[in-house]
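Presented below is the structure to which this report refers.
The values are calculated or read from the model by the stated rules, or taken from the named source; none is laboratory data. Values in this document were obtained by computation on a predicted structure and should not be read as measured data. Here the Cβ positions follow ideal geometry from the backbone for every residue, glycine too, while neighbour counts run over all protein chains shown. Just the protein is used for accessible areas: all its heavy atoms, side chains included, with ligands, DNA and RNA removed. Shrake-Rupley method; radii C 1.70, N 1.55, O 1.52, S 1.80 Å.
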Amino acid sequence: PEAAEGRPGPGHEDFRPRIVPYYRDPNKPYKKVLRTRYIQTELGFHERLFVAVLTSKATLNTLAVAVNKTVAHHFPRLLYFTGLRSAKVPHGMVLVAHGDERPIWLMYETMNYIHQHFGSDYDWFYIMQDDTYAQAEQVKALVTHLSINQDVYLGRAEEFIGGDEQARYCHGGFGYLLSRSLLLKLHPHLDSCRNEILSVRPDEWLGRCIIDFLGITCVSQLQGQNYRTYELAKNTEPEKEEEEDFQAALAVHPVSDMTLMYRLHKQFSRIQLDRVYQEIQDLQMQIRNLTALTPAGEAGVTWPVGINAPFLPKSRFEVISWDYFTEQHLFSCPDGSPKCELSGASKADVSEIIESAVEQLNRLYQPLLRFSKRQLLNGYRRFDPTRGMEYTLDLLLEAATQKGHSHVLAKRVSLVRPLSKVEIIPMPYVTEATRVQLVLPLTVQDLDFVANFLDMFAMNTLDTHDNALLTLLFIYHPYDAQRVGQMDVFAGVKAMVGELEKRYADVKIPWISVKTEVPSQVKLMDIVSKKHPVDTLFFLASVWTEINMEFLNRCRMNTISNWQVFFPVHFQEFNPALVYRGEQTASSNTDFLRDGHFDRHSFAEACFYNSDYMTARTKLAADILDRDEVLESMEVFDVFLHYSGLHLFRAVEPGLVQKYTLRSCNPRLSEELYHRCVLSNLEGLASRSHLAMALFEQEQANST
């Protein structure tokens, strides 16, 4: 009311920001400021809501489990408090046992525990019993509409028996909400309340404690928000409850058994779903009405109403292709084959979309017509990143009339599975201060490129004092290994390393020599892994890689121990002889990614922790036993993909740019690895337009 009249109400001061100037005492030595891990910590932000559920040993495996299965996953943090605990705690529940079943003692210890462990982390504290059903989403919505600068004691207000008519306490069976400021003020008085206030009910004891020492009484309405509750009668049928008080309730009490809890959850979920569908219809109607007033008129209404319009390509290269499918087969397969069996999630997706199409048709035409599916004639789907998955189905249907007549007809329907609410996946914390251990395998064919690699490494890491080390892996052919005493093929590289170590006195670049005919990536990594600590962050590089600080930081941030490994897709420049054909190469920094492509066939670069590699390698060893020849057909990527269970982050990396070179493909490797190497060479020659121009010029030259 005060805001409507343009004047601030009580507790609604007009806050103005004040800039605190930075000042450093010149007489004191400078000390580096230690920044907090997260910005919300530095700004003093708190989490929104903490929920405490009071339970007992008798109901822990019944009502408490029902609470956990119905509403626990909707709250950001929920703990269960009990006096005594059973021998086995139900799965997925965080339980705190105080060692005493006395109700007042349980409440006293619970309030102490909440203050000690969570008092400085949360703004709101919701206390409920395990025989209470709370609508989690509405409770969360309630606290977002309340100001945190007031002492709040909100719930179902009840009179004390034989007490002051003005004082009220919040009934524990319907839950109640406490603000952080109230909890902080209440904590010093809890010991006095325990010794001075006598009560049988813990909610009355807490209410009397708040009233006597803080002078705050329970309210059911605050800041325009109502705390609505509903008291269940015996033998209540939730499915038949149509009262407005029931449908609007935040909390329902008492819930006598688990089955009733699940029935209540089902009914309230149905009510909430109906509300959402009605809101969607209202919004769609408003969109239609407003669109009619725009310059585009009714033609500007997209389908479905309220969802983004389909993506409009600006060129033929941006056209999103459709994938064809039937009920048994998919004609766009992940492995590149033209036809594969429809299975797994794709089969479930197709079945669900066909069922939904028939259901929607029946909803439109009943009771005049009743449709049933006979066959899916054709199916098309594509993923539009601006709106979701789109489907076009040609259905062979049997339509039955009310009089029993039936007719078979074909009908085309279009459906959209829109992108739902975006969810931010929580990830473990990482920093850019981690040391990166570069591992560079070298063969005789790589000798011409080592000098450029070492120059870039020195310029971008040693000169900038980046926290990165380098280990070289010399791979000798058995013939060269026998003659290493007379002529070392890697003598030139070792001389370059010696020069670097002289130039940078505090830098040591170790090397490891390996003799093999088949340089398996996994076998080589086994050797390197044993010579480094388990917490080492490896960057497995190739000799054509140009190291830079930008990529090393992304390697650190995208690699998370026991969580995620990173396999970047480097940018491969095309053959300049085909792209430029004698013309001057592009030197502008803005188009350095123009004449090339991201080489998706290469898995040579990888960032991972040694501990994760060792864990996956142990599982691989148990699977293949002593069949070491299997390792020749595998790369490090395959080890993590099949034996780690970690997230594999595969993404294009503009910070890794490689000059064109014709790679040497070892025919001793597996057929798949050799084929992948050949494809990488072929696709790295030039783009289709450049190849076409080269062929055209060659034909012109031949014709003359």
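How many residues are open to solvent by 40 Å² or more (accessible area, probe 1.4 Å) and touching a residue at least 60 places away in the same chain (Cβ under 8 Å) when one looks only at the range 637-665?
Narrowing the range 637-665 to residues open to solvent by 40 Å² or more (accessible area, probe 1.4 Å): 641-643, 645, 647-650, 652, 654, 659-660, 662, 664.
Subsequent filtering for residues that are touching a residue at least 60 places away in the same chain (Cβ under 8 Å) retains 647-650, 652, 654, 659-660, 664.
Count: 9.
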- Query: What pairs can you find where one residue is in the range 550-567 and under 15 Å from Pro654 (Cα atoms), the other is polar (S, T, N, Q), and their Cβ atoms are less than 8 Å apart, with a gap of 6+ or different chains?
  - Reply: Leu552/Thr461; Asn558/Gln564; Phe566/Asn558; Phe566/Thr559
- Message: For the range 596-615, give me each residue that is in a helix (DSSP H, G or I), under 17 Å from Lys523 (Cβ atoms) and touching a strand residue (DSSP E or B) at 6+ places or on another chain (Cβ under 9 Å).
- Response: Asn610, Tyr613
- Item | Of the criteria (1) open to solvent by 90 Å² or more (accessible area, probe 1.4 Å); (2) out of contact with any Pro (no Cβ under 9 Å at 6 or more places or on another chain), which one Leu438 fails | (1)
- Considering every residue within the range 650-661, establish whether at least one is touching a strand residue (DSSP E or B) at 6+ places or on another chain (Cβ under 8 Å) and in a helix (DSSP H, G or I). no
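What residue, of Phe246, Phe213, Phe268, is open to solvent by less than 30 Å² (accessible area, probe 1.4 Å) and either more than 22 Å from Ala136 (Cβ to Cβ) or not assigned by the TED database to the domain that holds Lys185 (or both)?
Working: Phe246 fails: either more than 22 Å from Ala136 (Cβ to Cβ) or not assigned by the TED database to the domain that holds Lys185 (or both); Phe213 fails: open to solvent by less than 30 Å² (accessible area, probe 1.4 Å).
On inspection, the qualifying residue turns out to be Phe268.
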- Residues being in contact with a strand residue (DSSP E or B) (Cβ under 6 Å, 6 or more places away or on another chain) and not basic (Lys, Arg): count how many of those fall in the range 479-520. 9
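Can you tell me which residues in the range 279-330 are among the hydrophobic types (A, V, I, L, M, F, W, C), in a loop (DSSP other than H, G, I, E, B) and open to solvent by 60 Å² or more (accessible area, probe 1.4 Å)? Let's see the steps before the verdict.
Pass one, the range 279-330, residues among the hydrophobic types (A, V, I, L, M, F, W, C): 280, 283, 285, 287, 290, 292-293, 296, 299, 301, 303, 305, 307, 309, 311-312, 317, 319-320, 322, 325, 330.
Remaining after also requiring in a loop (DSSP other than H, G, I, E, B): 292-293, 296, 301, 303, 305, 307, 309, 311-312, 319-320, 322.
If the condition is that a residue be among the hydrophobic types (A, V, I, L, M, F, W, C), in a loop (DSSP other than H, G, I, E, B) and open to solvent by 60 Å² or more (accessible area, probe 1.4 Å), then Leu293, Ala296, Trp303, Phe311, Leu312, Val319, Trp322 are the ones that fit.
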- Note on the structure: If you go through Asp394, Asp384, the only one that is charged (D, E, K, R) and touching a Gly at 6+ places or on another chain (Cβ under 8 Å) is Asp394
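Would you check if there is a residue in the range 416-430 being surrounded by fewer than 14 Cβ atoms within 10 Å (Cβ to Cβ), part of a strand (DSSP E or B) and at pLDDT 90 or above?
Kept after step one, since they are surrounded by fewer than 14 Cβ atoms within 10 Å (Cβ to Cβ), are these residues of the range 416-430: 418, 420-429.
So of that shortlist, the ones also part of a strand (DSSP E or B) come out as 418.
After this cut, where a residue has to be at pLDDT 90 or above as well, the list is 418.
Checking the range 416-430: at least one residue is surrounded by fewer than 14 Cβ atoms within 10 Å (Cβ to Cβ), part of a strand (DSSP E or B) and at pLDDT 90 or above.
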- Identify the residue in the range 347-375 that is assigned to a helix (DSSP H, G or I), charged (D, E, K, R) and more than 23 Å from Leu330 (Cβ to Cβ) and, among all such residues, is modelled with the highest pLDDT. Glu359
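Residue under question is Leu695, and the condition is that it be modelled with pLDDT of 85 or more and surrounded by 15 or more Cβ atoms within 10 Å (Cβ to Cβ); does it hold?
no
Can you tell me how many residues within the range 331-346 are assigned to a loop (DSSP other than H, G, I, E, B) and on the phi < 0 side of the Ramachandran plot? Can you show your working first?
Start the filter on the range 331-346 by keeping residues that are assigned to a loop (DSSP other than H, G, I, E, B), which leaves 331-339, 342-343.
From what is left, the residues that are on the phi < 0 side of the Ramachandran plot are 331-335, 337-339, 342-343.
Selection size over the range 331-346: 10.
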- Task: Determine which single condition Ser192 fails, assuming it passes every other condition in (1) farther than 28 Å from Trp105 by Cα; (2) assigned to a helix (DSSP H, G or I); (3) among the small types (Gly, Ala, Ser).
- Result: (1)
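If I filter the range 447-474 down to residues being surrounded by 21 or more Cβ atoms within 10 Å (Cβ to Cβ) and of a type outside the set (Gly, Ala, Ser), which single residue comes out as farthest from the chain's Cα centre (by Cα)?
Going through the qualifying residues, I end up with Phe474.
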- Message: Test of understanding: among Gln445, Gln482, Gln437, which residue is of a type in the set (S, T, N, Q) and in contact with a Phe, Trp or Tyr (Cβ under 6 Å, 6 or more places away or on another chain)?
- Response: Gln437
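The rows are residues; the columns are (1) part of a helix (DSSP H, G or I); (2) assigned by the TED database to the domain that holds Ala621; (3) farther than 18 Å from Ala604 by Cα.
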{"position": "Leu447", "(1), (2), (3)": "yes, yes, no"}
{"position": "Met459", "(1), (2), (3)": "yes, yes, yes"}
{"position": "Gly492", "(1), (2), (3)": "yes, yes, yes"}
{"position": "Ile509", "(1), (2), (3)": "no, yes, yes"}
{"position": "Glu517", "(1), (2), (3)": "no, yes, yes"}
{"position": "Val534", "(1), (2), (3)": "no, yes, yes"}
{"position": "Asn553", "(1), (2), (3)": "yes, yes, yes"}
- Got at least one residue in the range 380-388 being charged (D, E, K, R), at pLDDT 90 or above, assigned by the TED database to the domain that holds Ser414 and open to solvent by 80 Å² or more (accessible area, probe 1.4 Å)? no
- open to solvent by 60 Å² or more (accessible area, probe 1.4 Å) and in a helix (DSSP H, G or I) - does that describe any residue in the range 167-181? yes
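Against the definition (assigned to a helix (DSSP H, G or I), aliphatic (A, V, I, L, M) and in the same structural domain as Asp123 (by the TED database)), how does Leu198 come out, yes or no? It would help to see each step written out before you state the result.
Details: assigned to a helix (DSSP H, G or I): no; aliphatic (A, V, I, L, M): yes; in the same structural domain as Asp123 (by the TED database): yes.
No; evaluated as a whole, the condition is false for this residue.
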- Just for the range 72-101: of the residues that are aliphatic (A, V, I, L, M) and over 14 Å from Val53 (Cβ atoms), which one is surrounded by the fewest Cβ atoms within 10 Å (Cβ to Cβ)? Ala87
- Item | the range 183-210 - residue that is touching a Phe, Trp or Tyr at 6+ places or on another chain (Cβ under 7 Å), free of Cβ contacts under 8 Å to residues at least 60 places away in the same chain and within 23 Å of Asp121 (Cα to Cα) and, of those, surrounded by the fewest Cβ atoms within 10 Å (Cβ to Cβ) | His189
- Task: Report, by residue number, each residue of the range 352-379 that is surrounded by 12 or more Cβ atoms within 10 Å (Cβ to Cβ) and charged (D, E, K, R).
- Result: Arg370, Lys373, Arg374
- Going through (1) under 20 Å from Leu206 (Cα atoms); (2) touching a helix residue (DSSP H, G or I) at 6+ places or on another chain (Cβ under 9 Å); (3) not polar (S, T, N, Q) one by one, His117 fails only at (2)
- Task: Taking the residues in the range 45-68 that are without any contact (Cβ under 8 Å) to a residue 40 or more places away in the chain and of a type outside the set (A, V, I, L, M, F, W, C) as candidates, determine which candidate is farthest from His117 (Cα to Cα).
- Result: Asn61
- Task: Look through the range 475-490, keep the residues that are open to solvent by 50 Å² or more (accessible area, probe 1.4 Å) and assigned to a loop (DSSP other than H, G, I, E, B), and return whichever of them is farthest from Leu524 (Cα to Cα).
- Result: Gln486
